[in-house]
Amino acid sequence: MKLFTCTNCGQILYFENTWCQHCQQSTGLAEQNSQLFAISANNGDAFVLTNKGQYTGYRYCANHAYDVCNWLVPEESATPFCSACGLNHTIPNLQQPAFRERWALIEAAKHRLVYTLLRLKLPFTNKIVAPETGLGFDFVADERGDKKITGHDNGLITINIKEADNIEREKARKNMQEPYRTLLGHFRHEIGHYYWDTLIKDNYSNLTSCRQLFGDDRYDYDEALAQHYQNGAPVNWADHYISAYASSHPWEDWAETWAHYMHIMDTLETAWAYTVRIKPKLAKSADMQAEIDTDPYTETNFEKIIRQWLPLTYAMNSLNRSMGIGDVYPFVIAPAVVQKLAYIHNICCGQSRNNNSQWSYFS
């Protein structure tokens, strides 16, 4: 993610900041230029203070009242919600304090997801506008005798809110023998299913090329998953897939690879914002060196992106181990997986060109 600064005093801010700790002014994110603005309140409405001292009318998203959103909505907007919160179909019961805490964490992850979708210039609309093809989120809790499954169904993404509980999520990770499980990772995986439906399923050219690389999606999905959970992944799965679960079915291979593509793009943008340079003192190989000098969202050559990513993951994992924490990226990317990642990048670059006029302000 890019760096954000307070427009009042220049202090560096996090994406989620609702106020500046340096000048104490409230802040809000305007989607139109992806900037955190210092704002002043007037009769409950937020107004953006521009550099020229002129006031432009905005208000906070309605979910700002619950401390789960800091995005701004133009005063003339017909909806009280920002484009991220407008995707909500179901939210948890806010009468339960634990559920409110989980919802806050879920919204933080979802807003980061939507930021990346906007940066990639990928098409999406909510299910109120497009019930059949739109995107929506159900954030739900287990009920007595009814366990809610995180998943995707025709644009509706269900997230079990226990995934926002570190203990519950770690228990699930161990039970599933996964090396990595995060709330943001769930969002990125499930949105991959949505974009398979949106970008691949009904596009003959994309569908044909996708099947050549990821396999034939017409293979019975339920049977494939049953076989995976019964027999496990193939012995040599790491030569062809980003994760063991990706080997279960072409749809899951696509979604797992899509999630990692989003991991790569968002993390590299952060490294670019900090002008990160990787040059290990003892490593003579150029493969272990990288100067992250390009915004990945403007780079069409995926080979350059992956050359930067691999040294960065070595550095990040080493720093984590120095803190006594597990590897932040516990994966090895085989050449076959690089091909799949490059394919997804090319698909996204094509969408970016098609939608350039709509989201050009993020470039």
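The values are calculated or read from the model by the stated rules, or taken from the named source; none is laboratory data. Note that the structure is a prediction, hence the values are computed from the model and not measured. Here the Cβ positions follow ideal geometry from the backbone for every residue, glycine too, while neighbour counts run over all protein chains shown. Side chains are part of the model used for accessible areas, which takes the heavy atoms of the whole protein and leaves out ligands, DNA and RNA. Shrake-Rupley method; radii C 1.70, N 1.55, O 1.52, S 1.80 Å.
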Cross-link pairs LYS110/LYS281; LYS171/LYS201; LYS121/LYS171; LYS110/LYS171; LYS284/LYS340 - those with Cα-Cα distance over 31 Å: LYS110/LYS281; LYS171/LYS201; LYS121/LYS171
For the chain, calculated [θ]222 nm from helices alone, where every DSSP H run of n ≥ 4 adds -39500 (n - 2.57): -12500 deg cm²/dmol
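Could you grab the Rg to Rh ratio for the chain? Cα atoms only, Kirkwood for Rh.
Numbers: Rg = 21.1 Å, Rh = 22.0 Å.
Over the Cα atoms of the chain, Rg/Rh equals 0.96.
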Loop sites in region 111-164: trypsin sites (Lys or Arg not before Pro), DSSP, at most 10 other Cβ within 10 Å: ARG144, LYS147
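Can you list the GluC sites (Glu not before Pro) in region 51-136 that are in a DSSP coil and have 14 or fewer other beta carbons within 10 angstrom?
Answer by residue number: GLU75, GLU76, GLU132.
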Accessible-area composition of the chain, carbon plus sulfur, in percent [1.4 Å probe]: 50 percent
Hydrodynamic radius (Kirkwood) for region 238-363, which is based on Cα pairs only, to one decimal in Å: 15.7 Å
Whole-Hz ³J(HN,Hα) from phi, Karplus 6.51 cos²θ - 1.76 cosθ + 1.60, for region 79-85, glycine and proline x: 10, x, 9, 6, 5, 7, 6
Phi to ³J(HN,Hα) by Karplus 6.51 cos²θ - 1.76 cosθ + 1.60 over region 188-198, Hz, x for Gly, Pro: 5, 5, 5, 5, x, 4, 4, 7, 5, 5, 7
Taking the chain and dividing mean pair separation by its residue count, relative contact order in percent (alpha carbons under 8 Å, at least six apart): 13 percent
Percentage relative contact order, region 170-295, counting C-alpha pairs under 8 Å, at least six apart: 21 percent
Residue-by-residue Karplus 3J(HN,Hα) for region 149-165, coefficients 6.51, -1.76, 1.60, Hz, glycine and proline x: 9, 5, x, 10, 8, 6, x, 9, 9, 9, 10, 6, 5, 5, 5, 8, 9
Solvent-accessible surface ranking, highest first, for CYS23, CYS69 at 1.4 angstrom: CYS23, CYS69
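Between ASN154 and GLU16, take the C-beta separation as r, use R0 = 35 Å, and let me know the FRET efficiency to the nearest 0.05. All intermediate terms of the calculation are to be shown ahead of the outcome.
Working: r = 30 Å, r/R0 = 0.87.
The calculated FRET efficiency here is 0.70.
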Gap separating the Cα centres of region 240-290 and region 4-36, nearest whole Å: 29 Å
Distant-in-sequence amide H partners of LEU13 (H built 1.01 Å from N, under 5 Å): PHE4, THR5, CYS6
Helix 204-214 vs. the chain, principal-axis angle (Cα, 0 to 90°, nearest 10): 60 degrees
Nearest-ten-degree value, helix 250-273 long axis tilted from longest Cα axis of the chain: 50 degrees
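What number, in percent, do you get for the relative contact order of region 126-214 if the mean sequence gap of Cα pairs under 8 Å and at least 6 apart is divided by its residue count? Present the calculation step by step, with values, prior to reporting the outcome.
Details: 85 pairs, mean separation 18.0, N = 89.
Once divided by the residue count of region 126-214, the mean separation gives 20 percent.
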Nonlocal amide H pairs with GLU291, under 5 Å, H built at 1.01 Å: ILE278
C-alpha long axis of helix 97-120 to longest principal axis of the chain, angle in °: 80 degrees
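For region 153-258, what is the per residue volume of the convex hull drawn over the alpha-carbon atoms, in cubic angstrom?
Numbers: hull volume 11.1 nm³, N = 106.
Per-residue hull volume (Cα only) is 105 Å³.
Ordered by packing density, taken as the mean number of other Cβ atoms within 10 Å over each peptide's residues, highest first, how do 320-329, 30-39, 232-241, 190-199 rank?
Ranking the peptides 320-329, 30-39, 232-241, 190-199 by packing returns 190-199, 30-39, 232-241, 320-329.
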